[in-house]
1. Mind listing whichever residues of the range 79-100 are closer than 24 Å to Cys114 by Cβ and out of contact with any Cys (no Cβ under 6 Å at 6 or more places or on another chain)?
2. Restrict the check to the range 112-122 and report whether at least one residue is within 24 Å of Asp60 (Cα to Cα), among the charged types (D, E, K, R) and in a helix (DSSP H, G or I).
3. Mind checking which residues of the range 108-137 are more than 21 Å from Cys178 (Cα to Cα) and within 15 Å of the chain's Cα centre (by Cα)?
4. So which residues in the range 143-157 are surrounded by fewer than 22 Cβ atoms within 10 Å (Cβ to Cβ) and closer than 19 Å to Asn65 by Cβ?
5. Across the range 66-82, what is the number of residues that are in contact (Cβ under 8 Å) with a residue 40 or more places away in the chain and either assigned to a loop (DSSP other than H, G, I, E, B) or acidic (Asp, Glu) (or both)?
6. Take Leu164 and decide whether it is in contact (Cβ under 8 Å) with a residue 40 or more places away in the chain and touching a Pro at 6+ places or on another chain (Cβ under 6 Å).
7. Taking into account only those residues within the range 113-142 that are surrounded by 22 or more Cβ atoms within 10 Å (Cβ to Cβ) and of a type in the set (Gly, Ala, Ser), which is modelled with the highest pLDDT?
Amino acid sequence: MVRFPSMRSVAFVAVTACFAFALGAAGLACGSSSSSPTPDAAVDEAGPVPMPDAGAPDADPYPFNQVCKSVEEADLCRKCAVERCCDTREAIFATDAGGELVSCNAVAGCGEACSAACFGRFPPQVKPYLDHFTCMAHRCLNECASPVSACSACIDANCALDGLACNMSADCYLLSSCSAACPRGEQTCLEGCAARYPAAAQLQTNLVVCGRNRCPSECASGVP
């Protein structure tokens, strides 16, 4: 049986920590090729159809399509943030409130209730935050969440649109946070999280189904 790891458990901690670290990163010039569309969350049961890689950003949906300049930076996670997610990084850090939201969520041990409170304190900054988180969770997975298992890498490569739909939803973000706090295999806890965020639970289900269809061998062991 395929066990699907939540996107939060795979990349969330590393990505949010990188947000805070990236506050002091060097400036850069960049531009994305389109505005943000409504994500397509449909589940495709066909074979693997990987997202275009970073070499073809124009083929990707926003926020995956950002085109940035190279920077000199030793830390690979921070370097990725400014070289692949520059538009969204600039948007979230354009205001003091955006930086405060990043810092709020980056506090050690900040779980579902903490993140919900952070979002409630800075509502205009929630979308820019999620845009940047979504970009980094996909384009900086290896740099910010190493080591990445074969299961996680396969899901990221073959289910990127379903991951996009979930990661850009505040409720899905909170559901992932809630689920990550459940003891491994504790079904009652997981069901309670899903009941609090029913719309988000459907987005996660789409991602689970995609992972089961496209990564059966990579995820067969249950190792995220």
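The values are calculated or read from the model by the stated rules, or taken from the named source; none is laboratory data. Because the structure is predicted, anything quoted here is derived from the model rather than measured. In this analysis, Cβ positions are derived from the backbone assuming ideal geometry, glycine residues included, and neighbour counts consider all displayed protein chains.
1. Arg89, Ala91, Ile92, Phe93, Ala94, Thr95, Asp96, Ala97, Gly98, Gly99, Glu100
2. Quick first cut of the range 112-122, residues within 24 Å of Asp60 (Cα to Cα) only: none.
The answer is no; no qualifying residue exists.
3. Pro128, Cys135 - these are the residues of the range 108-137 that are more than 21 Å from Cys178 (Cα to Cα) and within 15 Å of the chain's Cα centre (by Cα).
4. Glu143, Ala157
5. Total satisfying the criteria: 5.
6. Numbers: in contact (Cβ under 8 Å) with a residue 40 or more places away in the chain: yes; touching a Pro at 6+ places or on another chain (Cβ under 6 Å): yes.
Considered against the rule, which asks whether it is in contact (Cβ under 8 Å) with a residue 40 or more places away in the chain and touching a Pro at 6+ places or on another chain (Cβ under 6 Å), Leu164 comes out as yes.
7. Top of the filtered list is Ser115.
Table: residues versus (1) closer than 18 Å to Pro128 by Cβ; (2) modelled with pLDDT of 90 or more; (3) surrounded by 15 or more Cβ atoms within 10 Å (Cβ to Cβ).
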residue	(1), (2), (3)
Ser6	no, no, yes
Asp40	no, no, no
Ala46	no, no, no
Ala59	no, no, no
Gln66	yes, yes, yes
Cys86	yes, yes, yes
Arg89	yes, yes, yes
Asp96	yes, yes, no
